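Below: one structure, written as structure tokens.
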Amino acid sequence: MQTIGRAAMAAVAALALVAGSARAQEIKVGGIFDLTGITSDVGKGYAQGARDYIAMTNAAGGIGGKKIKLIDVDYAYKIPEAVSAYKRMVDEKVVLIVGWGTGDTLALKDKINGDKIPYFSASFAGDLTDPAKTPYNFFVAPSYSDQLRAWLSWVKEDWKDKSRNPKVAFFYGDNAYGKAPIEAGRRFCKENGIDLVDEEILPGNFQDATSQLLNMKQKGADYAYINVTTTGVSLVLKGAKALGLATKFGTNPYGISETLPKVAKETAEGVTGVVPHVPYGENVPGMKAVLDFHKANHPNDEHDCMYIRGWATALVAVESLKRADKAGKLNGDGVRAAAETLSNFDMGGLASNMTWTSTDHRPTTTTAIYTIKGGKMVKLKDYTMPRKPEWLGL
């Protein structure tokens, strides 16, 4: 009996060692996604893109032989849920989090700083670009502010009547995401000969924008920028058509994608928008891995540039993990430092090349403007904003 007991104990000890070794071969990464909330129309594709890039990395052997364990949740775009999920992930000892919205990312920034957890968000708020204030926050796009500046630069070029300034209106959601670039837009208009004649607030889950559009009509806006997600953009466009408005509409990076003409139909025609991540299937070098993974794993799914956005974010997050692992510093400070070594990092054409430094977390200031033509996304031009010191954090 004593011999059997010792053998059993040895077996248990061996299993414990195996389990411990398996855990040692994992890199825990968090994911805070919106799959059912008010931004899920764009959040689901983003989440799938991020998950798929991590799955592809694991299938190729992981990072230094260690597999990434993605611990993700659907927080339904509710800030308290994001905070709770974040706390659970910190308890799970994640070394990095792929996050989502502006309101929750800003709500978490002090905790992120204190816990030293690199946080790669889908929010591109300018507030997150100054590492003196948010040293562990990263994103993989120009800031919302630089995107709006780029669109306003396009307005200046598009406007042909030299007898007066173009008149512009802003439509934006009544939340941190909707408001994020607005102050930067106000200042840019004032400094660049654009008359900002109207601002209209769109409440959460609105179903009709007639009153806001009538207000804008009275102000005579030639152009209007819509800062809500695709579903809301389509409602504004349909309302504008019903009122017979001649205003030229543009939209933010979560308002325009291949999905917009599907939901807005003919009202999407001619709309412009900022597109920091290329449409799905675009002829760029980095698309091959995307298409190969799609064909092997979910050939019947449909994707758009929101999927590419999630893929691109995970690509940079994984690259940061690889560099930290190679340096023997696979922890929060090590991953942050690794991300800040990315200089003109080649995104394979999926997005502009990315650069972070210890003093500037604006990864790029180049924004592509696209338009909807014949129901398809067509690129018009890239606009690169100057990297002005006074724009850091704005």
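On a full-extension model of 0.36 nm per residue, what is the gain between Asn215 and Ala60, subtracting their alpha-carbon distance, rounded to one decimal in nm?
Stretched fully, the Asn215-Ala60 segment lengthens by 50.3 nm.
What number of lysine-lysine pairs in the stretch 215-340 show an alpha-carbon separation below 25 angstrom, given a sequence spacing of 8 or more or placement on distinct chains?
16
Which of the GluC sites (Glu not before Pro) found in the stretch 243-336 are in a DSSP loop and have at most 13 neighbouring Cβ atoms, other than their own, within 10 Å? Could you put the intermediate results ahead of the total?
Numbers: sites: Glu258, Glu266, Glu269, Glu282, Glu302, Glu319; in loops: Glu258, Glu269, Glu282, Glu302.
Loop-located and lightly packed - Glu302.
Which of rounded, prolate, oblate describes the stretch 55-184, given a ≥ b ≥ c as roots of the alpha-carbon gyration tensor eigenvalues and a/c under 1.5 marking rounded, otherwise prolate only if a/b is larger than b/c? Don't skip to the end; give the middle numbers.
Details: a/c = 2.72, a/b = 2.02, b/c = 1.35.
Verdict is prolate for the stretch 55-184.
What residue among Leu96, Leu148, Leu214 shows peak mean-square fluctuation when the chain is described by a Gaussian network model with Cα springs under 10 Å?
Looking only at Leu96, Leu148, Leu214, the biggest GNM fluctuation is shown by Leu214.
For the stretch 239-317, go through all pairs of different Cα atoms, get the mean of 1/r, take its inverse, and jot down that Kirkwood value in Å.
For the stretch 239-317, the Kirkwood estimate is 14.3 Å.
With just the Cα atoms defining each centre, how far is the stretch 260-283 from the stretch 135-208? Give it in Å.
Here the answer is 18 Å between Cα centres.
Report the Rg/Rh value for the chain, based on alpha-carbon coordinates and the Kirkwood definition of Rh. Can you show the working numbers first?
Working: Rg = 22.7 Å, Rh = 21.9 Å.
Computed over Cα atoms, the ratio is 1.04.
Given springs between every Cα pair under 10 Å in a Gaussian network model of the chain, which of Ala339, Ala150, Ala242 has the largest fluctuation?
Ala242
When a/c is below 1.5 the answer is rounded, else prolate if a/b is larger than b/c, else oblate, so apply that to the stretch 162-211 with a ≥ b ≥ c taken from the square roots of the Cα gyration tensor eigenvalues. Before the final figure, lay out the partial values.
Values: a/c = 4.89, a/b = 1.70, b/c = 2.89.
Because a/c hits 1.5 or more and a/b fails to exceed b/c, the stretch 162-211 counts as oblate.
Just the projected area, averaged over all directions, of the convex hull on the alpha carbon atoms of the stretch 20-132: how many nm²? Could the numbers behind the result be given before it?
Working: hull surface 29.8 nm².
Computed as one quarter of the Cα hull surface, the answer is 7.5 nm².
Taking Rh as the Kirkwood radius, which is the inverse of the mean 1/r over Cα pairs, what is the Rg/Rh value for the stretch 204-356?
Working: Rg = 19.8 Å, Rh = 17.9 Å.
Here the Rg-to-Rh quotient is 1.10.
Which net charge results for the neighbourhood of Arg187, defined as the other residues with beta-carbon distances under 12 angstrom from its beta-carbon, given Lys and Arg at +1 and Asp and Glu at -1? Present the calculation step by step, with values, prior to reporting the outcome.
On the way: positive: Arg149, Arg186, Lys190, Lys388; negative: Glu183, Glu191, Glu390.
Taking every other residue near Arg187 into account, the sum is +1.
Which distance in nm do the two modelled labels at His298 and Asp110 give, with both placed 7 Å along the Cα-to-Cβ direction?
3.7 nm
Given the options Gln48, Gln218, Gln147, which has the most mean-square fluctuation in a GNM of the chain, springs set between C-alpha atoms less than 10 angstrom apart?
Of Gln48, Gln218, Gln147, the Gaussian network model singles out Gln218 as fluctuating most.
If I stretch the segment between Lys190 and Thr384 completely, what's the gain in nm (0.36 nm per residue apart, minus their alpha carbon distance), one decimal? Walk me through the numbers before you get to the answer.
Values: separation 194, 0.36 × 194 = 69.84 nm, distance 1.92 nm.
Extending this stretch completely gives an extra 67.9 nm.
Each reported figure results from applying straightforward, stated rules to the coordinates on display, with no laboratory input. Just so we're clear, the structure is a prediction, and the values are computed from it rather than from any experiment. We place every Cβ from the backbone using ideal geometry, glycine too, and count neighbours over all the protein chains shown.
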